Structure formats: C-alpha cells, structure tokens
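J.: Attaching a single structure in structure tokens format; questions to follow.
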C-alpha cells in the first residue's frame, strides 16, 4: 500500500477533497501525515478528525530555507512517503528538496499553465480578458510552475466575474482533478518523458468543466 504525505499552510481544501474521494472510492492508500509550516493551518483540524497524524514545522524557527527544508525532508522520510502532495503550501522549496522528491512531488496551480505562473492568477486572467481559465496539476521541478503537467481543467470566464467568483469556480475544478491525478500516480499510470507526462493507458488529461 502506497503512502501520501501532504504539506499545507492553510485550510488544505484540496487535501480534504483527496481524502474524501479516497475514502469514497476505497483507494488502497495510507495518509501517513500532514505537515504544516505553522500551527494555525486550519487543515490540521480536518486531518486530526480523520485520524491522520499531524506535524508542525514552524518555518519561523529556521534561519534559512535550507534548514527548514532539511527538517521537512527528515520528517517526510521518517513517514515513508511514496508521494508528497502540496495542497496550498505557501513556501518556496529549495532545489535540494525538489531533487530529493523528484518524480513524486505534486502540486496544483490555479491557472492553465504555462499561462499565469506565480501569484494573483485570477486577477491577471481577468486583466488579460481571456475566455477560459482553470487549474493545472503538475510535478514540481526547480522552475516555478514549470514542471511536467499531469492534467488540467478549464472553466469559462463569465461576464461579470471578479477575482473572487472566478477563484471559486477554479477551486471547484481543482477539487475534481487533483484527486484524479493522485489516483493515476497510485495506480502507476504516469510516465514522465522529458517535460511531459504520458498517461498509460491513454485518456484525456484535459477536462472542460
């Protein structure tokens, strides 16, 4: 049985979505831990309610990013993670951390990459006047939001949308595709070829919601 460790900074709604679908579909997986970078992360409460071990590694207790990431690596390795899932983890990870978990470190970004990497994606999408926005699940590499794309979901940008309404629509899409991507990983269906992810056997990796 494969194991998942999740990193969060806030409410961890994508983590919650993954856990609930895993329970509903009875995935053969173990959630071995949730790690937050501060004790106020609301997602810790959900994890505890599910009997999932929780850990807090305060980033403020570490003078450097390297020191913080070393503590993270030690805890994740102790938990024996086959997959590390970033669910709203608001820390920039060091190259050493990313290389350590290469091919088993997954993130979700609220935009259709390669469009709008970085922050404030919904505001930037509205300013650009695009008609389709969405979310992307990808493996993490050293380039910010540049890793191989596992799957994407597009949602329409509606007349009268503001950043809040668009963000809510994108978040609902995230809750659908992130569990799907995780399940593909657990089933051994993902193959990284260069900067692309091939799904075996093939099926659509783009969803219109």
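J.: If you check 64, 32, 54, which single one turns out to be free of Cβ contacts under 8 Å to residues at least 24 places away in the same chain and in contact with a helix residue (DSSP H, G or I) (Cβ under 6 Å, 6 or more places away or on another chain)?
T.: Of the residues listed, the single one that is free of Cβ contacts under 8 Å to residues at least 24 places away in the same chain and in contact with a helix residue (DSSP H, G or I) (Cβ under 6 Å, 6 or more places away or on another chain) is 54.
J.: Let me ask you something else. Right, residue 10: out of contact with any helix residue (DSSP H, G or I) (no Cβ under 6 Å at 6 or more places or on another chain) and surrounded by fewer than 15 Cβ atoms within 10 Å (Cβ to Cβ) or not?
T.: For residue 10, the condition - out of contact with any helix residue (DSSP H, G or I) (no Cβ under 6 Å at 6 or more places or on another chain) and surrounded by fewer than 15 Cβ atoms within 10 Å (Cβ to Cβ) - is not met.
J.: I've got another one for you. Taking the options 81, 17, name whichever one is crowded, with 19+ Cβ neighbours inside 10 Å, in contact (Cβ under 8 Å) with a residue 40 or more places away in the chain and assigned to a helix (DSSP H, G or I).
T.: Exactly one residue qualifies, and that residue is 17.
J.: Let me ask something additional. Looking only at segment 167-189, which residues are farther than 16 Å from residue 108 by Cα and either touching a strand residue (DSSP E or B) at 6+ places or on another chain (Cβ under 6 Å) or modelled with pLDDT under 95 (or both)?
T.: Within segment 167-189, 186, 189 qualify.
J.: Still on this structure, please answer the following. Right, residue 80: in the same structural domain as residue 16 (by TED's automatic domain parsing) and on the phi > 0 side of the Ramachandran plot or not?
T.: When the stated conditions are applied, residue 80 passes them.
J.: Another one. Among the residues of segment 142-163, write down those that are over 19 Å from the mean Cα position of the chain (by Cα), outside any loop (DSSP other than H, G, I, E, B) and either in contact (Cβ under 8 Å) with a residue 40 or more places away in the chain or crowded, with 17+ Cβ neighbours inside 10 Å (or both).
T.: Correct list: 163 only.
J.: Then there's this: The conditions are (1) touching a residue at least 24 places away in the same chain (Cβ under 8 Å); (2) closer than 27 Å to residue 177 by Cβ, and residue 49 fails exactly one of them. Which is it?
T.: (1)
Let's see how each residue does on (1) at pLDDT 95 or above; (2) closer than 20 Å to residue 159 by Cβ; (3) in a helix (DSSP H, G or I):
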residue	(1), (2), (3)
93	yes, no, no
98	yes, no, yes
103	yes, no, no
108	yes, no, no
114	yes, no, no
123	yes, yes, yes
126	yes, yes, yes
130	yes, yes, no
133	yes, yes, no
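The values are calculated or read from the model by the stated rules, or taken from the named source; none is laboratory data. Predicted model only: the values in this text are computed from it and were never measured. Quick reminder, even Gly has a Cβ in these numbers, built from the backbone with ideal geometry, and neighbours come from all protein chains shown.
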